[in-house]
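Below is one structure, written out as structure tokens, with a few remarks after it.
Bear in mind that the values in this text are calculations on the coordinates, not laboratory data. Owing to the predicted nature of the structure, the values given are computational and were not obtained by experimental measurement. Backbone-built Cβ (ideal geometry, glycine too); neighbour counts: all protein chains shown.
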Amino acid sequence: MNTPREQPGGVISRLMAELAKLPGIGPKSAERLTHHLLAARREEVLVLADALRALKEQIRRCELCCAPTEHVRCELCADTRRDPSIICVVEQPRDLTALQRAGGYRGRYHVLHGCLSPLDGIGPEHLTIDALLDRVRAGGVQEVIMATNPTTEGDGTALYLSSLLSPLGVRVTRLARGLPSGSVLEFANNQMLADALEGRRSF
Amino acid sequence: MATEKVKALVLRTTDWSETSRIATLFSRERGKLRGLAKGGRRLKSSFDNGLDLLTLCDMVLIRKTTGGLDLLTEAVVVRRFPRLHRELSALYAGYYVAELLADWTEELDPHPALFDEALEALEDLGDGSVGQRVLRFETRLLAELGYAPVIDWCSSCEGPLSAQALAFCAEAGGVLCPRCQAGPGERRRLSTEALGGMRALASEKWREPLADRVRAELRGVMGGIITHIRGKPPKLLPYLGG
């Protein structure tokens with residue numbers, strides 16, 4: 001990975017090593033990016049460096065929903081037009097972004113920053129579960145929607161949360177699962193069909 | 001590089017790069033396997049969302065002869081265990097089964113009887129006593145791997161066991177009669193009901209319900225055996241109820 005005149009541990013090697021740690025970036029891509037930055041104008045590179053520094057120095061967790069934000073409260077929690085009586089619980093900030101992109105949901109969110117994974121040593125204390133319970137206990141919440149991933153661990157997290165939330169008197173629901181809109185039955189897999197049948201509803 | 005088809009239970013998955021995933025599997029034909037599923041994280045892939053924990057799949061894989069990870073090329077879901085998704089105690093018990101299989105079996109060391117027992121256990125969990133089902137699985141696991149505790153005579157002097165003052169010692173490998181209970185190692189008092197429970201769990205009568213007190217006692221005994229043999233307690237042990 002070292003360029004011919006670069007010693008291991010030098011500035012260029014260090015940057016390549018750091019870039020190669022990013023998801024989707026292998027050693028060759030890291031080398032390409034490094035040479036691109038080397039050739040770029042100083043101002044451009046420093047703008048990138050400033051943005052990276054600001055990301056870690058200025059971004060914090062929203063005091064309500066725990067989503068990353070530059071302010072005490074994120075944009076969604078500060079928006080008074082959103083319905084505070086419904087909270088949609090997601091595993092990661094990117095899940096929140098996906099739901100927002102889909103549109104239609106006008107309630108608030110809560111970001112867990114992971115899911116329960118006892119096999120990997122991730123327990124409730126590693127997630128923002130206490131903050132969610134505090135929000136519900138504070139009153140005004142009528143429904144909590146579990147939008148965790150439809151995996152064994154995601155379902156396990158939703159089960160655990162519902163066992164804590166149900167005694168607090170809120171309605172706990174989860175996202176529907178089954179057939180994607182626009183698809184055809186013939187090409188749906190067994191699980192999709194089973195979920196769709198189980199989750200059928202009246203017209 | 002030959003292509004193989006196996007029926008396998010997914011024991012563990014780890015994300016690898018943006019779209020790939022490494023899966024630890026337990027197959028009937030080959031025992032434990034570890035393979036790289038390229039594109040396994042994509043929604044639309046040839047893995048049919050099968051690389052989810054505790055899912056039984058028909059897998060197609062390319063075995064690496066050089067000792068690297070096998071390459072998983074296809075998965076079709078055969079069976080999921082829906083009760084695990086509805087009851088937390090059943091799910092934790094399922095994780096425990098996965099942990100024991102992943103950490104305690106070796107690659108390319110098949111145990112078809114253990115594979116069948118694991119599937120039966122996962123199917124049963126959530127229907128009746130989770131605690132008793134886990135105890136049965138542990139009993140079968142220990143027997144299959146050659147660690148079955150001695151419960152029919154004293155594990156030290158091999159003399160007959162009286163009905164009183166029995167103890168269990170994981171280091172000795174089983175039950176101790178009153179005469180052999182002195183000496184090093186942790187001794188756990190064992191009631192005659194619990195000894196009867198251990199014998200029942202090892203037999204075809206294992207479904208006969210055990211009293212809560214006996215089940216709780218056996219939970220401690222079994223946890224002690226497994227912790228002693230593995231040298232450390234399983235991660236999921238604290239999550240198991242009585």
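Rounded to the nearest 0.05, what FRET efficiency do B:TYR239 and A:LEU168 have when you use their Cβ-Cβ distance and R0 = 25 Å?
Using R0 = 25 Å, I get an efficiency of 0.65.
Taking only the alpha-carbon atoms of segment B:157-233, what semi-axes of the equivalent ellipsoid follow from 5 times the gyration tensor eigenvalues under a square root, in whole Å, largest first?
20, 17, 11
Work out how much length A:VAL11 to A:ASP130 would gain on full extension: take 0.36 nm times their residue separation and subtract the Cα-Cα distance, in nm to one decimal.
Between A:VAL11 and A:ASP130, full extension yields an extra 38.6 nm.
Whole-Hz ³J(HN,Hα) for each residue in segment B:232-237, computed from phi via Karplus 6.51 cos²θ - 1.76 cosθ + 1.60 with θ = phi - 60°, x for glycine and proline: what do you get?
7, x, x, 4, 8, 4
What list of whole percents do you get for P(r) of segment B:82-239, with Cα-Cα distances grouped in 5 Å bins up to the one holding the largest distance?
2, 9, 19, 21, 21, 15, 8, 4, 1, 0
Mind listing the phi-derived Karplus ³J(HN,Hα) values for segment A:37-42, rounded to whole Hz, using 6.51, -1.76 and 1.60 with θ = phi - 60°, and x for any glycine or proline?
5, 4, 8, 6, 5, 3
Efficiency by 1/(1 + (r/R0)^6): what FRET value for B:ARG179 and B:GLU120, r their Cβ-Cβ distance, R0 = 30 Å, to the nearest 0.05?
So the FRET efficiency works out to roughly 0.15.
Could you pull out every residue, at least 5 positions away or on a different chain, whose amide H is within less than 5 Å of the one on B:VAL78? Hs are placed 1.01 Å off N in the peptide plane, and Pro or chain starts have none.
Correct list: B:LEU56, B:CYS57, B:ASP58.
Within a Cβ distance under 13 Å of A:GLY199, other residues only, what is the Lys/Arg minus Asp/Glu net charge?
Residues close to A:GLY199 contribute a combined charge of +2.
Rg (Å, one decimal) plus Dmax (Å, integer) for the alpha carbons of the protein assembly as shown?
Rg then Dmax for the protein assembly as shown, in Å: 26.5, 87.
Under 8 Å for C-alpha pairs, at least 6 residues apart: give me the relative contact order for segment B:68-130, rounded to a whole percent.
48
Rounded, prolate or oblate: pick one for chain A, where a ≥ b ≥ c are the square roots of the eigenvalues of its C-alpha gyration tensor, a/c under 1.5 means rounded, and failing that, prolate if a/b is larger than b/c, else oblate.
Taking the square roots of the gyration eigenvalues as a ≥ b ≥ c, chain A is prolate.
Quick one: work out Rg over Rh on the C-alpha atoms of segment A:107-159, Rh as Kirkwood radius.
0.98
Report the extension gain between A:ARG177 and A:LYS28 in nm, rounded to one decimal, defined as 0.36 nm multiplied by the number of residues separating them, less their alpha carbon distance.
Stretched out fully, the A:ARG177 to A:LYS28 stretch lengthens by 49.7 nm.
Roughly how many nanometres apart are two label points built 7 Å out from the Cα toward the Cβ at B:ALA143 and B:ARG213?
2.7
Could you tell me the center-to-center distance, by alpha carbons, between segment B:197-214 and segment B:59-104 in angstrom?
Rounded to whole Å, the Cα centres lie 28 Å apart.
Which of rounded, prolate or oblate describes segment A:78-189 when judged by the alpha-carbon gyration tensor and an a/c cut-off of 1.5?
Judged from the Cα gyration tensor, segment A:78-189 comes out oblate (a/c at least 1.5, b/c at or above a/b).
Looking at the P(r) of segment B:30-92, how many percent of alpha-carbon pairs lie beyond 18 Å?
43
How big is segment A:134-194 along each principal axis, measuring the range of its Cα positions in Å and listing the largest first?
Principal-axis extents of the Cα atoms in segment A:134-194, largest first: 47, 22, 13 Å.
Using the Kirkwood formula on the Cα atoms of segment B:1-120, what hydrodynamic radius do you get, in angstrom to one decimal?
For segment B:1-120, the Kirkwood estimate is 14.3 Å.
Taking amide H positions as placed in the peptide plane 1.01 Å from N, state which residues far from B:ARG207 in sequence (5 or more) or on other chains have amide H under 5 Å from it.
For B:ARG207, whose amide H was placed from the backbone, there are no distant partners under 5 Å.
Just want to confirm a number: the relative contact order over segment A:69-203, from Cα pairs under 8 angstrom separated by 6+ residues, in percent.
Worked out over segment A:69-203, it gives 21 percent.
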